[in-house]
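These notes are about the structure you will find just below.
The values are calculated or read from the model by the stated rules, or taken from the named source; none is laboratory data. Quick caveat, the model's predicted, so the values are computed rather than measured. Cβ placement follows ideal geometry from the backbone for every residue including glycine, while neighbour counts extend to all protein chains displayed. Heads up: the accessible areas ignore ligands, DNA and RNA and are worked out on the full protein's heavy atoms, side chains in. Shrake-Rupley method; radii C 1.70, N 1.55, O 1.52, S 1.80 Å.
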Amino acid sequence: MDAIDGDWVRQALPGFFSPLEVAASVPTTMVRAAELAASGVPEGATVVTEEQTEGRGRLGRAWVAPPGSSLLLSVVLRPPLAREAVWLTVAAAGVALAAAVDEVAPKAAPAGLKWPNDLELGGRKAAGLLAEAHLEGDRLAAVLLGMGVNVGQGSADFPPEVADRATSVSLAAGAPVDRADLLAAWAGRFLEGYASLRDGRPGPVLAAYRERLVTVGRPVRADRVGADPVVGTAVDLTPTGALVVQTPSGARVEVLAGDVHHLRPG
């Protein structure tokens, strides 16, 4: 890992996000965060990079971005949560990111969250989040929270296979957006939501997540992991974060993991 001068990151992040590593390039911030978690670092240890050479998102998909164009970070958390409640950490991060984008890019379309953990602007993906639970026996030892946000990319920076589905905060805003401003706006909001989770009060996070979620009420196709796809209308969330899809026959199917595609009505 090649360390760089990361003053803009240090100025944007409150003291909770410590120890802080800022790198020019790493294979992935999640791999480095896992190494830190295994070494016993305290909660809040954070890795930020300008470039990921082997970046990945949910379900192991590649995440590619030009150096310096994105916010790429992972945070080690040690929340007093049951394993089935880990998804609330990424919900808190997503809600915080949506509000932060609205603040720093007010001319962009309002930020929405697509189940389970994508941020969309104008129906295009601008960010992805994920949380990985690390166990010691049956005990939750750590949660690795990862976030990748397209901030400064232009339309030519996206690979052809995703160009019609992706955007950046700057593109959506129609003007350059400063990564430090976005990071600072996210960090404070995330800490507020995370504090409520640590205090055993998930209600505010869950309510805010539901409010930002653009998937419920939409016709969808859910490509499930280890099961056949299901097509219907997304109608609800379960307490464990599963998406409930009602099929045309009236059956209600809980989707625990997979890809959800928003379909056009009719």
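Among the residues of region 240-256, is any surrounded by 15 or more Cβ atoms within 10 Å (Cβ to Cβ), without any contact (Cβ under 8 Å) to a residue 12 or more places away in the chain and assigned to a strand (DSSP E or B)? The answer is yes; a qualifying residue exists. All of Thr233, Thr215 fail the test of being assigned to a loop (DSSP other than H, G, I, E, B) and surrounded by 13 or more Cβ atoms within 10 Å (Cβ to Cβ), apart from Thr215. Criterion applied to Ala234, Ala185, Ala175 was being within 17 Å of the chain's Cα centre (by Cα) and either under 18 Å from Pro116 (Cα atoms) or at pLDDT 95 or above (or both), and the one residue passing it is Ala185. Applying the condition of being open to solvent by 20 Å² or more (accessible area, probe 1.4 Å) and in contact with a helix residue (DSSP H, G or I) (Cβ under 9 Å, 6 or more places away or on another chain) to region 103-116 and asking which residue is nearest to Val76 (Cα to Cα) yields Pro116. Condition test on Pro176, is it part of a loop (DSSP other than H, G, I, E, B), free of Cβ contacts under 8 Å to residues at least 60 places away in the same chain and over 21 Å from Ala100 (Cβ atoms)? Judged against the criteria, Pro176 is not a match. For Leu182, the requirement of being part of a helix (DSSP H, G or I), among the hydrophobic types (A, V, I, L, M, F, W, C) and touching a helix residue (DSSP H, G or I) at 6+ places or on another chain (Cβ under 7 Å) is met.
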